[in-house]
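Enquirer: Got a structure for you, written out below as structure tokens; questions coming shortly.
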Amino acid sequence: MATHNIYELDVTLKDFKPTITRTLLINGERTLAYLAYTLIASFELYGSHLFEFNQDLDIGRPTTLTYAFPIPDNLESFVEEGHQSVLSTKVNSLLGHPELTKQTNFVYDYGDYWEFDLKVKSVQTQDISLKQIPTILAGQGFGLIEDIGGLGGLQEYATAYKAGNLDRYHEWLGDDLPDIGSFDIEMANKKLKPEISLIKGQHEDIDWR
């Protein structure tokens, strides 16, 4: 087996109660795009929207670095020029200097605007088979619901679920409505890699340049 830098990350949806989190392992040689696909799959999203990473640094002056897809002309109003590409930047490059990092976050879907805090819990150099990662070590909450209307829409759903007032959600989402307070780590890991592959295909089979 080869030696790899393995990152253990705590990832938390911002500004939502009850807390929705994942703790996961990922190989530092992966691209930021692959890390994004892992996060999207971990939180039960489908990957049908764009995303970006933002990192606030203190290197003598406040600096924010943003990593996103290369910008197609019709998306310039959503993604600013000058952003670095998630396709060519590695996890090691984003998270390898925690002493410089004030905050790193991940944003998915510029409409619903899901924002997550990323914290490096540990970095270890290991002889490990990459078949074992990425993997989810722990979590709280089911995840998110695509296109529900961001934090406000998710909170409305949580309230309706608790009250059993779900008729309009059945019409939209079908019979199997998720309890966003629950988390099944065995099922989450079983679905993780197949979902990552699907999301990767959705994004990288498109010519974004």
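The values are calculated or read from the model by the stated rules, or taken from the named source; none is laboratory data. In this text, all values refer to a predicted model and were calculated from it rather than measured experimentally. Cβ sites come from the backbone with ideal geometry, for glycine too, and all protein chains shown count toward neighbours. SASA here: full protein model, heavy atoms, side chains in, ligands and nucleic acids out. Shrake-Rupley method; radii C 1.70, N 1.55, O 1.52, S 1.80 Å.
Enquirer: What percentage of all Cα-Cα pairs in the stretch 97-209 are separated by more than 20 Å?
Expert: Every Cα pair in the stretch 97-209 considered, those over 20 Å come to 61 percent.
Enquirer: LYS121: which lysines have alpha carbons under 19 Å from its alpha carbon, excluding same-chain residues fewer than 8 sequence positions away?
Expert: The qualifying lysines are LYS14, LYS90, LYS102.
Enquirer: Taking all protein chains as present, what is the carbon and sulfur share of the accessible area of the chain, in % to the nearest whole number, probe 1.4 Å?
Expert: The nonpolar share, carbon plus sulfur, comes to 47 percent.
Enquirer: Evaluate 2.2 N^0.38 Å with N set to the residue count of the stretch 117-158, then give the Cα radius of gyration divided by it.
Expert: Compared with the compact-globule rule of thumb, the stretch 117-158 sits at 1.76.
Enquirer: What is the spin-label model distance, in nm, from SER122 to ASP176 if the labels are put 7 Å beyond Cα along the C-beta direction?
Expert: 3.5
Enquirer: Something else about it: Using Cα pairs under 8 angstrom and six or more residues apart, how large is the relative contact order of the chain, in percent?
Expert: 31
Enquirer: Give the accessible surface of the chain per residue, rounded to a whole number of Å², with probe radius 1.4 Å and ligands, DNA and RNA excluded.
Expert: Solvent-accessible surface per residue comes out at 52 Å².
Enquirer: Please give the net charge around LYS121, taking every other residue with its beta carbon less than 14 angstrom from that of LYS121, where Lys and Arg add +1 and Asp and Glu add -1.
Expert: -1
Enquirer: Give me the one-decimal nm value for the distance between modelled label points at LYS17 and SER197, 7 Å along each residue's Cα-to-Cβ direction.
Expert: 4.2
Enquirer: Sticking with this one: On the full set of protein chains, 1.4 Å probe, figure out the accessible area of HIS49 and give it in Å² to the nearest 10.
Expert: 50
Enquirer: Running a GNM on the chain with Cα contacts under 10 Å, which residue among PHE106, PHE16, PHE53 ends up with the highest mean-square fluctuation?
Expert: So, out of PHE106, PHE16, PHE53, the one fluctuating most is PHE16.
Enquirer: Work out, step by step, the length gained on full extension between THR63 and LYS131: first 0.36 nm times the residue separation, then minus their alpha carbon distance; give nm to one decimal.
Expert: That works out to 20.9 nm of additional length.
Enquirer: Continuing with this model, one more query. For an R0 of 35 angstrom, estimate the FRET efficiency from the Cβ-Cβ distance between ASP205 and ASN165 and round to the nearest 0.05.
Expert: Approximately 0.30, to the nearest 0.05.
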